1. Scan region 23-35 residue by residue and report those that are touching a residue at least 40 places away in the same chain (Cβ under 8 Å), part of a helix (DSSP H, G or I) and farther than 15 Å from residue 102 by Cβ.
2. Could you grab me the full set of residues in region 68-83 that are farther than 17 Å from residue 12 by Cα and open to solvent by 30 Å² or more (accessible area, probe 1.4 Å)?
3. Filter region 101-153 for residues that are of a type in the set (Gly, Ala, Ser), farther than 25 Å from residue 58 by Cβ and outside any helix (DSSP H, G or I); which is nearest to ligand 1 (Cβ to nearest atom)?
4. Given the options 116, 90, 97, name the one that is out of contact with any His (no Cβ under 7 Å at 6 or more places or on another chain), within 13 Å of ligand 2 (Cβ to nearest atom) and over 22 Å from residue 36 (Cα atoms).
5. Look through 146, 131, 137 and report the one residue that is loosely packed, with under 14 Cβ neighbours inside 10 Å and touching a Gly at 6+ places or on another chain (Cβ under 8 Å).
6. Which one of 57, 64 is over 14 Å from residue 9 (Cα atoms) and within 15 Å of ligand 1 (Cβ to nearest atom)?
7. Got a number for residues in region 63-85 being without any contact (Cβ under 8 Å) to a residue 40 or more places away in the chain and either in a loop (DSSP other than H, G, I, E, B) or polar (S, T, N, Q) (or both)?
8. Scan region 33-53 and tell me whether some residue there is under 13 Å from the mean Cα position of the chain (by Cα), modelled with pLDDT of 95 or more, open to solvent by 50 Å² or more (accessible area, probe 1.4 Å) and among the polar types (S, T, N, Q).
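The values are calculated or read from the model by the stated rules, or taken from the named source; none is laboratory data. Remember, it's a predicted structure, so these values are computed and weren't measured experimentally. Virtual Cβ from ideal backbone geometry, glycine too; neighbours counted across all protein chains shown. Heavy atoms of the whole protein, side chains included, go into the accessibility calculation; ligands, DNA and RNA do not. Shrake-Rupley method; radii C 1.70, N 1.55, O 1.52, S 1.80 Å.
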Amino acid sequence: MERTLILFKPDAIQRGLVGEILSVFEKKGFKIVGTKMLKMTPELAKRHYAHLVDKPFYPDLERFMTSQPIIAMVIEGVDVVSVVRDIVGATNARQAAPGTIRARFSNSVSRNVIHASDSVETAKKEIANFFSEEELFDYELVLKPFFYAGDEE
Ligand code: UDP
Ligand code: MG
C-alpha cells in the first residue's frame, strides 16, 4: 500500500472546500492515516518546495503558504500517489482536465487549493517533513473488501 501527502492550502480553508475535497478521496476508497492543522514556517516551506526556491514565483508561494494554517493529511491506498495526482489535475487549474479537483475548484496556477506528492519517492520525503511515525496510524478499513478485490492490494 502506498501513502501520499495532501495539503489543503489556505485558499481551500478560506473558501470552505476542505470537506468537499476530502470527500472525493474518502469516497474513492483512500484511508486517512494521519492529519493535522499547522502553520507552515518559511523553513518548512523551503524544505517542502526545495525544487522551486529559485523560481520567480517562489516568494509569493512562500508568503501564501505561510499566511495562515493549512491542513496536512496522509492518505493510503493502492497506487494512491499517481491516482491522487490524476484526480488533483494540472498545476495550472485553467489547463486541468475537466472533473479534476483543480478544474472544479480553481482557475489559477498558484491558488490551486491542494498539494499532492508527485512520486512515491517524493511522497516518502514529504510525509517525513510533516509527520512523525507516531502521528501516522495503522488500522484496518473494515469495508476494504468492498473497495478492492484481494488480488489488488
Ligand atoms: N506555482 C506557482 N506558479 C507557477 C508554478 C507553481 O505559483 O508557475 C505554485 C503552485 O501553488 C503549485 C506550487 O507552486 O501548486 C508547486 O509547484 P509544482 O510545480 O510542484 O506544482 P504541483 O505539484 O503543485 O502541481
Ligand atoms: Mg509539486
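1. Listed by number, the list holds a single entry, 28.
2. If the condition is that a residue be farther than 17 Å from residue 12 by Cα and open to solvent by 30 Å² or more (accessible area, probe 1.4 Å), then 78, 79, 82, 83 are the ones that fit.
3. Per the stated criteria, the residue is 132.
4. 90
5. 137
6. Only one candidate qualifies: 57.
7. 2
8. yes
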